[in-house]
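> Got a structure for you, questions after.
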There are 2 protein chains.
Amino acid sequence: MQFTLEHTYGKARSGTVFTDHGVFHTPAFMPVGTQGTVKAVSQQILREIGVEVILSNTYHLYLRPGTEILNQAGGLHEFMGWDRPILTDSGGYQVFSLSDLRKIEEEGVQFRSHIDGSLHTFTPESVIDIQRLIGSDIMMVLDECIPYPCEKEYAESSNELTLRWAERCLNRFRSTDQLYGHGQSLFAIVQGSVFGEVRERSAHTLVDMGFEGYAIGGLAVGEPIEEMYDIVALCNDLLPREKPRYLMGVGTPENLLEAIDRGIDMFDCVLPTRNGRNAMLFTQHGSLNITNARFKNDFTPVDDSCECYTCRTYSRAYLRHLFQSKEVLGLQLATIHNLYFFQWLMRSARQAIALGNYSHWKEEQLNSLSQEIPVYS
Amino acid sequence: MQFTLEHTYGKARSGTVFTDHGVFHTPAFMPVGTQGTVKAVSQQILREIGVEVILSNTYHLYLRPGTEILNQAGGLHEFMGWDRPILTDSGGYQVFSLSDLRKIEEEGVQFRSHIDGSLHTFTPESVIDIQRLIGSDIMMVLDECIPYPCEKEYAESSNELTLRWAERCLNRFRSTDQLYGHGQSLFAIVQGSVFGEVRERSAHTLVDMGFEGYAIGGLAVGEPIEEMYDIVALCNDLLPREKPRYLMGVGTPENLLEAIDRGIDMFDCVLPTRNGRNAMLFTQHGSLNITNARFKNDFTPVDDSCECYTCRTYSRAYLRHLFQSKEVLGLQLATIHNLYFFQWLMRSARQAIALGNYSHWKEEQLNSLSQEIPVYS
């Protein structure tokens with residue numbers, strides 16, 4: 001993997017990540033394909049939307065279809081018919097949020113599957129092995145995901161464990177090789193809750209180890225939004241300029257614009273896909289719930305400035321009808337629109353950075369987004 | 001609407017139907033878009049599959065979104081973003097199968113909505129008015145759909161009512177005009193259960209009235225398959241050569257090939273879409289249930305001779321994974337494959353008729369289809 005920084009504006013950056021499955025441009029938003037599919041859309045549609053990189057979840061893929069099948073298929077790219085870059089998380093977050101967590105120890109974490117209750121263990125070494133079998137272009141280290149709020153003392157001791165795990169991941173990564181003929185790289189995850197000192201200790205230690213990219217984890221878990229932005233700014237100041245920076249699990253269009261302004265290059269979030277399936281559509285002028293009765297005879301597109309397939313072809317009234325009738329096509333069209341909107345937002349941010357216009361453009365967008373078409377749900 | 005007959009082979013026919021929304025070639029299979037969407041696929045995908053005409057259901061559209069919204073939209077084509085031909089049934093079949101049927105009288109049929117229990121009436125006149133508001137290219141008359149088995153006496157008296165209703169539909173059709181600038185035509189429906197005499201009386205009377213096309217209704221409702229084929233053959237011999245013939249609600253690939261052999265031009269059925277959503281896939285070598293464990297590491301396409309998007313892009317193992325994981329993409333990919341298979345079957349039948357090779361080709365297909373990849377469900 002290579003990363004080239006192309007433009008900066010203040011702390012905001014635009015660049016390109018080069019992988020053996022092609023490039024993606026930053027700032028980048030990665031749609032979430034939890035189970036080897038971005039919910040409700042085909043890989044062809046993802047390409048048409050302009051998606052350059054997706055995220056998939058190690059925890060889910062490990063449980064189903066399992067690494068044996070992924071290995072026989074020749075890796076996840078082959079299995080799912082997606083030849084562009086894939087990033088996988090380490091599975092840590094899902095173990096802490098989805099499974100019936102059993103035990104966290106120095107060695108790793110023992111958990112029960114949310115599907116059938118079966119008992120499993122993730123260690124720093126095993127999550128690297130699993131991601132080797134998945135064949136993702138970018139792999140993530142195993143980390144402990146702590147809740148918010150938490151005591152500083154707990155954040156500190158947890159962080160030390162996460163740092164020891166990061167080193168073990170890196171050792172395993174360096175002592176193993178890719179399986180499918182394309183390169184893989186490993187990103188670290190800065191933890192430390194909302195405690196500046198713990199974040200500093202985390203970032204310094206990880207940077208010294210020398211990863212190919214750095215994520216900021218443990219945010220957007222309930223802390224005040226300004227606190228999140230402060231931690232993002234703090235971490236970015238400690239991370240090397242020449243490596244990509246990835247804010248995990250974030251967020252709203254507003255969050256993305258603010259985080260870009262503080263130096264973030266990559267994002268992932270279920271928001272556009274999950275909200276779309278719940279009839280919530282993002283537009284440049286705020287979000288709307290398409291099931292609202294006032295759309296029943298509104299024959300305009302969801303967003304008349306949007307060029308996605310949904311807006312080019314269908315009306316709000318038709319989308320409302322699909323959701324009222326519980327038709328699968330409603331899920332698809334809403335997902336297409338929301339993903340397109342997030343891609344548009346990232347493309348536009350890139351352009352504004354390149355043009356030296358990011359601050360002004362961001363303020364315009366934030367104003368427009370907060371004009372808020374009322375959401376009824 | 002115009003119909004030109006291009007080739008015949010025995011009783012099998014190939015031709016072209018010309019409408020103001022373009023042509024469709026016969027034998028034609030019409031995917032069912034009950035609520036103004038062919039379930040699980042977009043209109044763009046229907047075009048890519050090569051679908052030339054779809055069916056939509058008057059009963060469902062009347063209840064939701066309702067004729068007022070369809071009228072404001074400028075008709076169903078505009079509402080759903082589909083500019084190719086649409087045929088609508090009269091709603092009769094759904095009244096008899098879906099709703100809480102209240103009363104059938106000379107005037108029409110009173111029923112309760114399956115959605116909210118509200119009370120409604122369909123008359124021969126109102127179903128024409130509704131189909132004018134929908135704006136379908138081909139409209140159907142209101143008929144009474146009787147169950148199988150039924151007494152001949154009941155079939156006779158019901159048939160007389162259906163004939164009186166057909167005449168009232170035709171009068172209403174002739175005394176009203178299209179609403180959206182494109183022509184609409186009206187097809188009659190031959191009824192009479194499995195009683196040859198009643199079918200004859202029905203066909204003769206309807207042909208004398210002079211419709212633009214003729215459907216055969218009341219079949220595939222439980223009668224022995226040979227009886228269905230005999231009635232189809234009988235009716236076709238009574239119907240005018242120069243008008244399209246439509247066998248309603250049929251059927252399996254085998255049914256289609258046999259009915260074409262007896263002179264049918266048009267079909268509709270939920271089989272490819274509904275079975276697809278239930279993981280049942282049609283292939284030239286029989287059908288398969290993709291959730292079966294033996295497909296878990298089968299990395300070949302569903303059908304390696306199929307050129308659909310699903311078969312060009314994904315493996316059986318991936319499709320199985322999608323169904324096991326209850327992912328929406330599984331519904332889409334299965335629907336795409338099945339619809340493509342039915343379109344392929346119709347294209348191939350047309351070609352065999354044109355080449356004077358239909359009997360031989362049909363036997364080959366029937367042999368291949370019955371090699372039956374075992375279905376586990």
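Each row is one residue, and each column tells you yes or no for (1) in a loop (DSSP other than H, G, I, E, B); (2) at pLDDT 95 or above.
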site: B:106; (1), (2): yes, yes
site: B:128; (1), (2): no, yes
site: B:132; (1), (2): no, yes
site: B:136; (1), (2): yes, yes
site: B:146; (1), (2): yes, no
site: B:159; (1), (2): no, yes
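> Checking residue B:289 against (1) within 14 Å of another protein chain (Cβ to nearest Cβ); (2) more than 26 Å from residue B:27 (Cα to Cα); (3) among the polar types (S, T, N, Q); (4) in contact (Cβ under 8 Å) with a residue 24 or more places away in the chain, which single condition isn't satisfied?
Unmet for residue B:289, out of (1) within 14 Å of another protein chain (Cβ to nearest Cβ); (2) more than 26 Å from residue B:27 (Cα to Cα); (3) among the polar types (S, T, N, Q); (4) in contact (Cβ under 8 Å) with a residue 24 or more places away in the chain: (1).
> Condition check: aromatic (Phe, Trp, Tyr) and within 14 Å of chain A (Cβ to nearest Cβ). Does residue B:358 satisfy that? Break it down stepwise before answering.
On the way: aromatic (Phe, Trp, Tyr): yes; within 14 Å of chain A (Cβ to nearest Cβ): no.
Considered against the rule, which asks whether it is aromatic (Phe, Trp, Tyr) and within 14 Å of chain A (Cβ to nearest Cβ), residue B:358 comes out as no.
> Return only the number of the condition from (1) closer than 19 Å to residue A:114 by Cβ; (2) more than 14 Å from chain B (Cβ to nearest Cβ); (3) surrounded by 21 or more Cβ atoms within 10 Å (Cβ to Cβ) that residue A:13 does not satisfy.
Status for residue A:13: all satisfied but (1).
> Also, I was wondering about something else. For segment A:147-172, what are the residues that are surrounded by fewer than 24 Cβ atoms within 10 Å (Cβ to Cβ) and under 30 Å from residue A:70 (Cβ atoms)?
Result: A:161, A:163, A:164, A:167, A:168, A:170, A:171, A:172.
> Residue check: is residue B:283 at pLDDT 95 or above, surrounded by fewer than 19 Cβ atoms within 10 Å (Cβ to Cβ) and of a type in the set (Val, Ile, Thr)?
Judged against the criteria, residue B:283 is not a match.
> Of all residues in segment B:20-41, which are within 11 Å of chain A (Cβ to nearest Cβ) and crowded, with 23+ Cβ neighbours inside 10 Å? Give the derivation first.
Within segment B:20-41, the first condition is being within 11 Å of chain A (Cβ to nearest Cβ), and the residues that meet it are B:33-41.
Answer for segment B:20-41, where residues must be within 11 Å of chain A (Cβ to nearest Cβ) and crowded, with 23+ Cβ neighbours inside 10 Å: B:33, B:36, B:37, B:38, B:40, B:41.
> Restricting attention to segment A:195-214, does a residue exist that is over 20 Å from residue A:87 (Cα atoms) and part of a loop (DSSP other than H, G, I, E, B)?
There is at least one residue in segment A:195-214 that is over 20 Å from residue A:87 (Cα atoms) and part of a loop (DSSP other than H, G, I, E, B).
> Is it true that some residue in segment B:306-325 is more than 10 Å from every other protein chain (Cβ to nearest Cβ), without any contact (Cβ under 8 Å) to a residue 60 or more places away in the chain and in a loop (DSSP other than H, G, I, E, B)?
yes
Yes/no per residue for (1) surrounded by fewer than 22 Cβ atoms within 10 Å (Cβ to Cβ); (2) within 27 Å of the chain's Cα centre (by Cα):
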{"residue": "A:303", "(1), (2)": "no, yes"}
{"residue": "A:307", "(1), (2)": "yes, yes"}
{"residue": "A:321", "(1), (2)": "no, no"}
{"residue": "A:330", "(1), (2)": "no, yes"}
{"residue": "A:333", "(1), (2)": "no, yes"}
{"residue": "A:342", "(1), (2)": "no, yes"}
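> Right, here's the next one. Criterion first (closer than 23 Å to residue A:214 by Cα and either away from every other protein chain (no Cβ under 14 Å) or part of a loop (DSSP other than H, G, I, E, B) (or both)) does residue A:111 satisfy it?
No, not satisfied.
> Find the residue count for segment A:56-98, including only residues that are of a type in the set (Val, Ile, Thr), within 12 Å of chain B (Cβ to nearest Cβ) and closer than 21 Å to residue A:31 by Cβ.
0
> Continuing with this model, one more query. Of everything in segment B:53-76, what is in contact with a helix residue (DSSP H, G or I) (Cβ under 9 Å, 6 or more places away or on another chain) and either within 22 Å of residue B:336 (Cβ to Cβ) or outside any helix (DSSP H, G or I) (or both)? Give them in sequence order.
B:54, B:56, B:57, B:64, B:65, B:75 - these are the residues of segment B:53-76 that are in contact with a helix residue (DSSP H, G or I) (Cβ under 9 Å, 6 or more places away or on another chain) and either within 22 Å of residue B:336 (Cβ to Cβ) or outside any helix (DSSP H, G or I) (or both).
The values are calculated or read from the model by the stated rules, or taken from the named source; none is laboratory data. Given the structure is predicted, the values throughout are model-derived calculations rather than measurements. Glycine also receives a Cβ, built like all others from the backbone with ideal geometry; neighbour counts cover every protein chain displayed.
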